[in-house]
Amino acid sequence: MRLSKSWDVTSKDFKVFLKKRGLIFSILAFPLIISILLSFVVEFVTQSASGGGSGATDLQTLLPSFTFYYAIIAAILPTSTASYSLVGEKVEKSLEPLLATPMTDEEILLGKGTAAFLPPLGATLLGASIFMVFTDVLTHGTFGYFYFPSLDSGIVLALLAPLSAIMSIEVNVMISSRVSDARVSQQLGLLTVFPMAGAYLASELGLISLVTSTLLIISCILLIADILLLYVSRATFQRDKILTSWR
Amino acid sequence: MIETENLTKKFGDLTAVDSVSFRVNDGEVFGFLGPNGAGKTTTVRMLCCLISKTNGKARVAGYEVGSRTDSLKIRRLIGLVPDNVGLYDSLSAYDNLDYYGRFYDCTEDERKDRIPHYLKMLDLWDKKDAVVGTFSKGMKQKLAIARALVHEPQVLFMDEPTVNLDPEAAKAVRDIILELKRQKKTIFLNTHNLDEAQRICDRIGILNTRLRAIGTPEELERTVRSQATVVQLERTNDIILAALRKLYPSGVSVDGSRITIAIENPDKENPAILEAIVRAGGRIQSVSVVGSTLEDAYLELVRERRRD
């Protein structure tokens with residue numbers, strides 16, 4: 001596999017994304033808005049702590065959950081980019097000339113996957129950074145130390161977020177073979193949020209606790225799921241079917 | 001340059017291309033003529049290694065179609081203008097060509113050299129920075145041809161490049177193909193436009209799932225053998241008609257003072273026809289030979305399938 005060829009596909013997709021302001025807005029706005037809202041909640045709880053309430057304890061409970069949101073956001077955002085990257089080529093009927101180039105399916109898929117992966121992950125990390133900086137500034141007086149970065153936030157951002165983004169992209173590759181509308185693909189792709197949302201709900205119901213060991217177990221499960229889905233999505237991307245039965 | 005032997009493609013129970021064998025020589029413009037659903041696009045897709053073949057053999061530029069390693073080599077050596085141009089509407093004309101140049105491993109220097117060359121050749125240089133979404137169909141088609149040429153392929157496959165174009169744009173595209181023909185490019189042209197095939201192609205294959213005939217346009221016209229001698233007389237009478245019907249018991253028709261006689265070889269048969277008319281007292285005003293056209297050949301060959 002020639003990584004430079006994959007990067008050519010990625011850079012082409014980046015250039016197309018840059019022309020779609022709505023897409024850029026949706027990728028950037030969601031994590032930024034969530035980050036600002038979460039920061040307001042932290043500010044509110046911190047204020048109640050300074051008033052003699054149970055704010056410090058509440059914060060210790062809330063912050064792991066808030067950090068976990070970024071793994072969910074990382075699963076949501078690639079549904080837009082992956083849909084445009086694959087279904088967009090279908091809509092523009094540009095897959096045939098692309099497949100006629102001397103690139104392997106793996107090079108094309110890696111290029112498209114990278115294009116769908118990097119902007120959402122970048123936006124997620126940007127949002128998370130803003131949230132963490134605000135949180136550190138707001139909570140330093142309460143905790144007496146900077147809460148972030150922590151091992152758990154590192155696991156969420158370095159493992160869970162990329163793995164859930166990859167899962168989202170792989171599912172979108174499979175969906176792309178069945179739909180010819182980027183918005184439908186995006187909506188169906190949101191199904192990939194359920195595993196992460198389920199883990200969050202389980203933590204809220206007290207079934208699991210989002211501590212280091214749990215986060216590592218979820219990461220391992222996601223890694224296995226990603227590997228399995230990689231084979232399935234690779235099997236879906238077949239030239240014969242793309243040109244003759246993808247609708 | 002291109003060789004196929006019993007090339008076959010089936011989609012489930014449906015046979016799209018059935019045991020097709022032909023050869024396209026280096027520097028030749030070969031036309032594949034056939035109605036919609038005849039298997040033209042499927043054949044091109046097989047030859048471009050876009051879809052697999054079910055049976056048979058095919059080689060492009062000496063490489064085996066169907067072999068994974070050879071497929072990449074074939075795709076490097078060919079250019080494809082698909083029936084849907086498939087350009088990136090949000091990118092400029094220059095960027096579209098630049099990206100495809102990269103996909104084909106062209107160096108930056110090659111791209112900087114070739115992209116202006118082809119954009120100028122196709123009269124698109126003034127629009128190089130314009131977003132392709134603003135282009136007319138004809139301009140898009142020309143850009144798709146430039147895209148297929150930017151890596152300077154040995155073989156150019158064109159799948160109905162003038163379909164849905166207005167007459168002016170279609171002529172512009174045909175002129176480009178003729179220019180490429182002058183440059184001795186090997187071109188495989190899918191079309192259902194008989195006039196286009198006749199004007200552009202060195203040889204034509206008539207496809208309707210199976211290859212019905214192959215040859216130069218003139219050879220194909222002769223396969224129908226429906227020539228006729230038309231004799232315009234001052235006036236006709238029963239003696240003249242009887243004389244002609246003695247020579248041709250069937251195949252003589254009369255329309256006023258014009259007699260049409262179905263023949264096979266005008267050079268050999270016309271002297272006897274004219275002699276018979278003069279002996280019968282006919283006064284000849286004009287004589288002409290009406291030959292079969294490519295359209296006659298095409299329609300007869302395509303109808304053969306329906307009779308099969």
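The values are calculated or read from the model by the stated rules, or taken from the named source; none is laboratory data. Please read these numbers as outputs of a predicted model, since none were measured by experiment. Here the Cβ positions follow ideal geometry from the backbone for every residue, glycine too, while neighbour counts run over all protein chains shown.
Below is a table of values for the structure above.
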quantity	calculated
Those residues of segment B:46-63 which are more than 16 Å from B:Asp26 (Cβ to Cβ) and within 13 Å of chain A (Cβ to nearest Cβ), in sequence order	B:Met46, B:Cys48, B:Cys49, B:Leu50, B:Ile51, B:Ser52, B:Lys53, B:Thr54
2 or more residues farther than 30 Å from B:Leu156 by Cα and at pLDDT below 90: qualifying helices (runs of 4 or more DSSP H) within segment A:55-123	A:55-76, A:78-82
Breaking point among (1) β-branched (Val, Ile, Thr); (2) crowded, with 20+ Cβ neighbours inside 10 Å; (3) modelled with pLDDT of 90 or more; (4) in contact with a Leu (Cβ under 7 Å, 6 or more places away or on another chain), for A:Thr212	(2)
Test: A:Thr101 is surrounded by 22 or more Cβ atoms within 10 Å (Cβ to Cβ) and more than 30 Å from B:Thr69 (Cα to Cα)	no
Qualifying residue in segment B:150-169 (condition: more than 29 Å from B:Asn55 (Cα to Cα), in the same structural domain as B:Asp126 (by TED's automatic domain parsing), crowded, with 20+ Cβ neighbours inside 10 Å and modelled with pLDDT of 90 or more)	yes
Qualifying strands (runs of 3 or more DSSP E) (wholly inside segment B:22-141; at least 2 residues being over 19 Å from B:Ile177 (Cβ atoms) and out of contact with any Cys (no Cβ under 7 Å at 6 or more places or on another chain))	B:55-60
B:Ser90 being modelled with pLDDT under 95, more than 20 Å from B:Val155 (Cβ to Cβ) and facing another protein chain (nearest Cβ under 7 Å)	yes
From B:Lys73, B:Lys10, residue being surrounded by fewer than 21 Cβ atoms within 10 Å (Cβ to Cβ) and either on the phi > 0 side of the Ramachandran plot or more than 9 Å from chain A (Cβ to nearest Cβ) (or both)	B:Lys10
The listed residue being free of Cβ contacts under 8 Å to residues at least 24 places away in the same chain, closer than 21 Å to B:Gly31 by Cα and among the hydrophobic types (A, V, I, L, M, F, W, C), out of B:Leu165, B:Leu178	B:Leu178
A:Gly22 part of a helix (DSSP H, G or I), within 14 Å of another protein chain (Cβ to nearest Cβ) and modelled with pLDDT of 85 or more	yes
Selection status of B:Gly86, buried (at least 17 other Cβ atoms within 10 Å of the Cβ) and among the small types (Gly, Ala, Ser)	yes
Check on B:Leu97, more than 9 Å from every other protein chain (Cβ to nearest Cβ), crowded, with 19+ Cβ neighbours inside 10 Å and under 18 Å from A:Pro97 (Cβ atoms)	yes
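For (1) assigned to a helix (DSSP H, G or I); (2) more than 25 Å from B:Ser136 (Cβ to Cβ); (3) outside the structural domain of B:Lys120 (by TED's automatic domain parsing), each residue gets a yes or a no:
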site: B:Val173; (1), (2), (3): yes, no, no
site: B:Leu180; (1), (2), (3): yes, no, no
site: B:Arg212; (1), (2), (3): no, yes, no
site: B:Ala243; (1), (2), (3): yes, yes, yes
site: B:Ser253; (1), (2), (3): no, yes, yes
site: B:Glu269; (1), (2), (3): yes, yes, yes
